Structures are given as structure tokens and as C-alpha cells.
Amino acid sequence: MHKTLQKDCGMTPTIRYALYFTPSPQTSWHAAGSSWLGRDAFSGRLCTQPTIPGVSRDLLLSMTADARRYGFHATLKAPFRLAAHASEHQLLEQVIAFCASQQAIVLRAPHVAQHRGFLALQIDDVKGEVSSLAAQCVSRFDGLRAPLTESELAHRRRDALTPRQEVLLRRWGYPYTEEQFRFHMTLSGALQDPDIGTRLHRAATEHFATPAAVEPLVIDALSIVREAAPGAPFLVWKRCSFLQADASAGTEPATALRVSAF
């Protein structure tokens, strides 16, 4: 059954949660992503961004502002408020149970490309493994999601949605799910100046070539992130490791589920 819209009122919960892929803080991918965006989503600490020829520090700071608030991540289930009957503890329990049956996915050919007008780290999801994981995250935890408020719906509609995306928005609270899903780790805001876009693209490609040369990019856990109040930076709350590690990911099979708190 489709969820109905919820009117805005003083009792509407303000904390939002999301399920993200965030590289482990021990990896060079995490270090590179935090440096590029200027913030560590695990600790909340600000980071020194790279120097880019022809792009001032202030401009880079501005161009990465929105992405910095969300942290270096790929969305698997978009931000949502908990339903009135749901609790944070229930969310954590369900994520732990889900992760107990998941196997690590080694991401193929991570590369920088434009995605819906902004820069993002993307992959070749040849087997559809990541798309399948995202679809499971969207449906598995939707019973914990509060209906969209009218203002949340209006916010999503600021983008020119297709009729299909409108259907997905109403069904799942987010328009870029199911066949509309594309794995991406956002690296910039909208690229309105072609010259600046070219410079950022070149710099990002060089920046992420370093971790790519050191280790594979692997989805081996789900991160539950929290936004404490509207507009607040998202922080990783719990990172739940997949129980079934993949030898090709360079890890040994886990004997117990690991849940890291931050």
C-alpha cells in the first residue's frame, strides 16, 4: 500500500536517517573523499581540500558545499524520518539483520563523470549487483519510513521529474530508485561554468586515481547516517559490516557481525 502524505505540523520528527555506502574510515578512498569534499562524515572534522589550478579555494568550497553536508557516500536509501511506530533501535536491529546475509561487492572501474549536471564518482554496474542491493535497501526498510510532508514533496519536485519518477517519489519517498537508480558518490554542485567544470573534472580524476591504485572500492557494510536537524551535516552513526565477506575484496570471511559506532 502506498504511503499517504503527512501534513507539516509541530509534532513532525526533525531527525532524518539514511542508508549510505561510506568507505571504511581506514581506507584511502575515505581519506580521498573526505579531502575532496572538505569534511569527514565519520568524525565531523573539516579537512583541507586539494589545490586546483584555476579554481580558487573559495570557489571549491562553494562548489562542494552541498556534497560536504552529506559527506562522501553513495545513497542506497535516501534520507527519511522514522514513522511514528518506529524507533532508532528497530532501525538498527533491522539493518544488522539485513547485513548478516549480504556479501561484499567489489565496485568495477570507479571513475569521475557528470551525473545529472554535477560531478560524481561512478562505476560500471555490469551485473546489476549494486542496483539490486539499493532496491533491497529501499523496500526492506520502507516500513520504518514516515510519509513525506507536503514541504518535502515540494522540495523533491524542484527537479523536473518524469512521470515515472513522480510515481517512485510517491511510492518510496525518492524519485531515483528501481530502474532510475544510478550509483554515484557526489563530488560537486551543479556545473554551470563549462571551464570550471572541466578543471574540476580533471582534478577529481587525478585526485581519485591515487586510492584506485592502492586498493579496490568495496561495498562491505551499510552506514546509518543521521541529520540531527534540518540543514545539519549528516554524520555516520553506525557502520554495519556485511557478515559474508568476499575473498576478492581482500578480506577474510567474518565470524561475527561488526557494528561500529561513531
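The values are calculated or read from the model by the stated rules, or taken from the named source; none is laboratory data. Remember, it's a predicted structure, so these values are computed and weren't measured experimentally. Virtual Cβ from ideal backbone geometry, glycine too; neighbours counted across all protein chains shown.
Quick look at the numbers
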quantity	calculated
Residue in the stretch 71-89 that is surrounded by fewer than 17 Cβ atoms within 10 Å (Cβ to Cβ), of a type in the set (S, T, N, Q) and touching a residue at least 12 places away in the same chain (Cβ under 8 Å) present	no
Scope the stretch 34-91; condition in contact with a helix residue (DSSP H, G or I) (Cβ under 8 Å, 6 or more places away or on another chain) and at positive phi; matching residues	GLY38, GLY54, GLY71
Exclusive hit being touching a His at 6+ places or on another chain (Cβ under 9 Å), of a type in the set (Lys, Arg) and at pLDDT 95 or above, set ARG239, ARG182, ARG226	ARG182
Candidate set: the stretch 11-35, residues that are of a type in the set (A, V, I, L, M) and more than 14 Å from HIS73 (Cβ to Cβ); chosen: the one modelled with the highest pLDDT	ALA31
Filter result (farther than 13 Å from GLU179 by Cα and buried (at least 18 other Cβ atoms within 10 Å of the Cβ)) within the stretch 130-141	CYS137, PHE141
Every residue from the stretch 144-166 that is within 23 Å of GLU88 (Cα to Cα) and either touching a Gly at 6+ places or on another chain (Cβ under 7 Å) or surrounded by fewer than 11 Cβ atoms within 10 Å (Cβ to Cβ) (or both)	ARG145, LEU148
Filter pass, ASP159 being over 20 Å from ASP124 (Cβ atoms) and more than 17 Å from the chain's Cα centre (by Cα)	yes
